Amino acid sequence: MAEKQKRTAYFAGNLKTRDDTDNQPVIEGYFAVFNQETELWPGVFESIAYGAFSNSLQNNDIRCLFNHDSANVLGRSSATTLQLREDSHGLYGVLLINPDDRMAMDVYARVKRGDITGCSFGFYPMSEHWEDRDDGTHYVVEEADTIEVSICTFPAYPQTEIDARMAGNNRRRRDVQKKRLEELKQCLHN
């Protein structure tokens, strides 16, 4: 069985800031949206299926990071400083900002001004399917073993993760081409 490669997915942000009833700063919004295709690279697309986060929300201690950097933890589900839930639209999160954390307050200020708008999440694909269409290969992640969500300045798929995904996609294409060639040879011999 092939080892699962960690991947990240980017979504255009709709993050909002507010103060809660105790005047604590909050960042909230969707870290992922269901059934929204993202082009990973030319001809390869990915979307997240409804319910892909259910298992992770029940079983994982998910962190909210800044720019996928584990040194910049903004919140954590087990500490209830990060509250995540799935709804019909996607993965919604409420992040309670620590006012004593200068870096967290800087992120809050940048989101509030609109300087940072991107979201992302890090996951291992546990279940997915793919299909080849005229415009390329389309993956649908059915279960995402999610370990972190991130507020990102420049959210993108890290190159190593793209390379791992691209290698798998190229293998599948070669297998399909090989199968088609064998079928064609079989037809010619009959």
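The values are calculated or read from the model by the stated rules, or taken from the named source; none is laboratory data. Since this is a predicted model, take the numbers as computed values, not measurements. Every residue, glycine as well, gets a Cβ built from its backbone with ideal geometry; the counts of neighbours run over all protein chains shown. In case anyone asks, the SASA skips ligands and DNA or RNA and just uses the protein heavy atoms, side chains included. Shrake-Rupley method; radii C 1.70, N 1.55, O 1.52, S 1.80 Å.
Can you run down the residue pairs with Cβ atoms below 9 Å, 6 or more apart or on separate chains, where the first is in region 53-82 and among the β-branched types (Val, Ile, Thr) and the partner is assigned to a helix (DSSP H, G or I) and open to solvent by 50 Å² or more (accessible area, probe 1.4 Å)? From residues that are among the β-branched types (Val, Ile, Thr), the pairs are Ile62/Ser78. Among the residues of region 84-135, how many are of a type outside the set (A, V, I, L, M), open to solvent by 30 Å² or more (accessible area, probe 1.4 Å) and closer than 12 Å to Thr17 by Cα? Total meeting the criteria: 5.
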